[in-house]
Amino acid sequence: MRWSKTLIPTHKEDPSHAETTSHKLMLRAGLIRRLTSGVYNYLPLGWRVIRKVEAIVREEMDRIGCQELLMPVVSPAELWQETGRWDVYGKELWRVHDRNGRQFALGPTHEEVVTDIVRNEVRSYRQLPFTLYQIQTKFRDEIRPRFGVVRAREFIMKDAYSFHRDEDSLNETYKAMYDAYCRIFDRCDLSYRPVEAATGAIGGSASHEFMVLCDTGESEVIVCECGYAATDERAEGLIADIMPVEDPLPIEPVDTPGMKTIEDVSEFLGVEPWRLIKTIVYVADGEPVVALIRGDRDINEEKLAGLLGASMIEAAPPAVVEKVTGAPVGFAGPVGLSGVRLMVDRSVEPLRNVVVGGNAVDVHIRNVNAGRDFSVDGYCDIARIGKGDLCRKCGKTMDSFRGIEVSQVFKLGTKYSDSMKATFLNENGKAMPFVMGCYGLGISRTMAAIIEQHSDEYGITWPMSVAPFDVEILAVKFRNEEVREISERLYSDLKAAGIDVLLDDRHDSPGVKFKDADLIGIPIRVTVGERGLKSGALEIRMRETGEQRDLPIDGAVAEITKIVEEAKA
């Protein structure tokens, strides 16, 4: 490709609205352009990277015997209603109507559609197991799109679905897919870590996310030196007991005018936040439930929903809070509550003489003790675990890091096949539900993650495996006849050798060309200039390491080809 004939609109300055390194550089290097909130055009350089990542993914999927297909972007509401996700998935599911008033969804994922295919086409256990996958555009109506393509509304994803006769077969494919993902991210030259994860709206019994280590990542991962690792949504651990031994004191209602938050009450009464009990009313599958936790901690709603067996959980609206507690939001407490299920975190158990809401306007209660002042049927783990908490496996203090989730794998079991009545006949002629797995990988998100890890103050430093071009020929003064002749010959010979090459044939100044070369980050830059040609040499520079040396013009093609092939091996 010739730069003069290619759309590569570079910019010198960082866009003011871009927050992360990848977002800034993808815009500056002309990889993407925003169309509307959370929706991007992929320009030629960006699309070339996408295709390179897709090629790696396809090779690894084919290697483990997966079959590629393509499913529609839209799917009828009836399929989603069969599984119950039409009502449960939430506002991220973009619902549309056709001209006849029929309802459809823009697919954020395709469990229902692929299960519909298989229930209509597969009859016997002899056809199992198999895995179907696609690479396709998805849409999720994110409430707050951010970080460019990392948290976009429209994105490119590889999603795969496996079908089995039993759990043992599912476990084999799950392990094969897990290993394939490791190879994909190794080939993309990413530093990553698989961690235990919550199953969320997809569902299932177990899940892992692959996290690319990145300081600007939106996900937090909790880790221990014993090897335990999980997302903060899934992490389990122990909260250190910081409560001194005290004798129970008589309860004491106190006026707290307008004090609705933990911070307000803590400051007003002069007590530490951990000496309060946070009382939160939720609605789980339509029924109110009250959760209690130490005042300086947060509730993990994924854990709470799992313990309740709820498919949908959300904070109760003010009217429900007042109906359950008798007071407006901010004054709820466990004393005197009745007729509602109470979920009490383990962090509450050691607390003595704490402060709780008084279930009355502008009232809190001092010196409350669990068991004496309100009943507890049992304690549970509903706390969001974080850095500094103790590992449940080894008891050591855990650490955390931030990362970008680039993929997630799920053991779905029979969640979808049961609800959609998708069955096969086993060797005894008995109808059995398919046991399923689901495996997603964000193609566009992977591109952003690569840039987060492969960039410097000057621009992107692409790994050879995914770079839009292998080599850039930078003709310093393209108007110079000798420079032009050598550049054109080198360009033709490298293309003939199978090298993906970009020729910067613009008539811009050398400064502009060198800055643009660093910005777009092609792994190998070959400079053709008058000074080097006088000694019969070309300058070759490796973008990521900065290493540079001179090559004789004769033999340069063979040497560059060797470098590219070794980098791709």
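The values are calculated or read from the model by the stated rules, or taken from the named source; none is laboratory data. Every value quoted in this text rests on a predicted model; they were computed, and no experiment measured them. Cβ: placed from backbone, ideal geometry, glycine included. Neighbour counts: every protein chain shown. SASA here: full protein model, heavy atoms, side chains in, ligands and nucleic acids out. Shrake-Rupley method; radii C 1.70, N 1.55, O 1.52, S 1.80 Å.
Just one of (1) under 25 Å from Arg34 (Cβ atoms); (2) aromatic (Phe, Trp, Tyr); (3) in contact with a Lys or Arg (Cβ under 7 Å, 6 or more places away or on another chain) fails for Tyr125. It is (1). Under the condition of being out of contact with any Leu (no Cβ under 6 Å at 6 or more places or on another chain) and β-branched (Val, Ile, Thr), which residue from region 472-518 is surrounded by the fewest Cβ atoms within 10 Å (Cβ to Cβ)? This residue is Val512. Counting the residues of region 114-123 that are surrounded by fewer than 19 Cβ atoms within 10 Å (Cβ to Cβ) and closer than 26 Å to Phe155 by Cα gives 1.
Every residue, every condition in (1) over 21 Å from Glu263 (Cα atoms); (2) open to solvent by 70 Å² or more (accessible area, probe 1.4 Å), yes or no:
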{"site": "Pro317", "(1), (2)": "yes, no"}
{"site": "Glu322", "(1), (2)": "yes, yes"}
{"site": "Ala332", "(1), (2)": "no, no"}
{"site": "Glu349", "(1), (2)": "yes, yes"}
{"site": "Asn359", "(1), (2)": "no, no"}
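What strands (runs of 3 or more DSSP E), lying completely within region 278-359, carry at least 1 residues that are under 33 Å from the mean Cα position of the chain (by Cα), under 15 Å from Cys380 (Cβ atoms) and acidic (Asp, Glu)?
Fully inside region 278-359 and qualifying: 341-345.
Evaluate region 197-210: report whether one residue or more is more than 30 Å from Glu301 (Cα to Cα), touching a strand residue (DSSP E or B) at 6+ places or on another chain (Cβ under 6 Å), outside any strand (DSSP E or B) and aliphatic (A, V, I, L, M). Checked region 197-210: no residue is more than 30 Å from Glu301 (Cα to Cα), touching a strand residue (DSSP E or B) at 6+ places or on another chain (Cβ under 6 Å), outside any strand (DSSP E or B) and aliphatic (A, V, I, L, M). Restricted to helices (runs of 4 or more DSSP H) entirely inside region 478-566, those with at least 2 residues that are of a type in the set (A, V, I, L, M, F, W, C) are 481-496, 510-520. Looking at Phe210, Phe147, Phe185, just one residue is at pLDDT 95 or above and of a type in the set (A, V, I, L, M, F, W, C), and that residue is Phe185. Restrict the check to region 502-521 and report whether at least one residue is farther than 26 Å from Ile32 by Cα, at pLDDT below 95 and in contact with a Phe, Trp or Tyr (Cβ under 7 Å, 6 or more places away or on another chain). Within region 502-521 (the criterion being farther than 26 Å from Ile32 by Cα, at pLDDT below 95 and in contact with a Phe, Trp or Tyr (Cβ under 7 Å, 6 or more places away or on another chain)), the answer is no, since none of the residues qualifies. Restricting to region 37-57, and then to whatever is open to solvent by 20 Å² or more (accessible area, probe 1.4 Å) and of a type outside the set (Lys, Arg), can you tell me which residue is farthest from Lys513 (Cα to Cα)? Here the residue is Ser37. Once region 222-273 is narrowed to residues that are in a helix (DSSP H, G or I) and touching a Gly at 6+ places or on another chain (Cβ under 6 Å), the residue that is least open to solvent (accessible area, probe 1.4 Å) is Ile262. Would it be correct to say that Ala467 is crowded, with 20+ Cβ neighbours inside 10 Å, among the small types (Gly, Ala, Ser) and in contact with a His (Cβ under 8 Å, 6 or more places away or on another chain)? When the stated conditions are applied, Ala467 does not pass them. Checked against (1) out of contact with any helix residue (DSSP H, G or I) (no Cβ under 7 Å at 6 or more places or on another chain); (2) farther than 23 Å from Thr10 by Cβ; (3) of a type outside the set (Val, Ile, Thr), Asp493 passes all but a single condition, namely (1).
Under the condition of being in a loop (DSSP other than H, G, I, E, B) and either free of Cβ contacts under 8 Å to residues at least 12 places away in the same chain or not hydroxyl-bearing (Ser, Thr, Tyr) (or both), the residues counted in region 376-417 number 17. The sole residue among Asp381, Asp418, Asp399 that is among the charged types (D, E, K, R) and open to solvent by less than 30 Å² (accessible area, probe 1.4 Å) is Asp381. Applying a threshold of 6 Å to beta carbon distances and a minimum spacing of six or more residues, or different chains, the list of pairs starting in region 293-313 at a residue that is open to solvent by 30 Å² or more (accessible area, probe 1.4 Å) and ending at one that is among the aromatic types (Phe, Trp, Tyr) and assigned to a helix (DSSP H, G or I) reads Asp296/Trp274.
Yes/no per residue for (1) touching a residue at least 12 places away in the same chain (Cβ under 8 Å); (2) aromatic (Phe, Trp, Tyr); (3) more than 25 Å from His23 (Cα to Cα):
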position: Ile450; (1), (2), (3): yes, no, no
position: Tyr458; (1), (2), (3): yes, yes, no
position: Ile486; (1), (2), (3): yes, no, yes
position: Ala496; (1), (2), (3): no, no, yes
position: Ala517; (1), (2), (3): yes, no, no
position: Ile524; (1), (2), (3): yes, no, no
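Just one residue in the set Arg183, Arg144, Arg126 is surrounded by fewer than 16 Cβ atoms within 10 Å (Cβ to Cβ), among the basic types (Lys, Arg) and under 30 Å from Thr423 (Cα atoms); that residue is Arg126. Among the conditions (1) open to solvent by 50 Å² or more (accessible area, probe 1.4 Å); (2) closer than 29 Å to Ser444 by Cα, Phe210 misses just one, which is (1). For region 129-141, the set of residues classified as crowded, with 17+ Cβ neighbours inside 10 Å and aromatic (Phe, Trp, Tyr) consists of Tyr133, Phe139, listed by residue number. How about region 519-569: which of its residues are over 25 Å from Ser455 (Cα atoms) and out of contact with any strand residue (DSSP E or B) (no Cβ under 7 Å at 6 or more places or on another chain)? Correct list: Gly529, Glu530, Arg531, Leu533, Lys534, Ser535, Asp554, Gly555, Val557, Ala558.
Residues checked against (1) basic (Lys, Arg); (2) crowded, with 20+ Cβ neighbours inside 10 Å; (3) outside any loop (DSSP other than H, G, I, E, B):
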residue	(1), (2), (3)
His11	no, no, no
Gly30	no, yes, no
Leu35	no, no, yes
Gln81	no, no, yes
Trp86	no, no, yes
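Restrict the check to region 67-78 and report whether at least one residue is of a type in the set (Ser, Thr, Tyr) and open to solvent by 40 Å² or more (accessible area, probe 1.4 Å). Among the residues of region 67-78, not one is of a type in the set (Ser, Thr, Tyr) and open to solvent by 40 Å² or more (accessible area, probe 1.4 Å), which makes the answer no. Would you check which residues across region 323-342 are within 14 Å of Ala370 (Cβ to Cβ) and touching a His at 6+ places or on another chain (Cβ under 8 Å) and list them? The answer is Gly333, and nothing else.
Being buried (at least 21 other Cβ atoms within 10 Å of the Cβ), more than 21 Å from the chain's Cα centre (by Cα), in a strand (DSSP E or B) and aliphatic (A, V, I, L, M) is a description that does not apply to Leu441.
Within region 422-434, which residues are in contact (Cβ under 8 Å) with a residue 40 or more places away in the chain and under 18 Å from Asn120 (Cβ atoms)?
Listed by number, the residues that qualify are Ala422, Thr423, Phe424, Leu425, Met432, Phe434.
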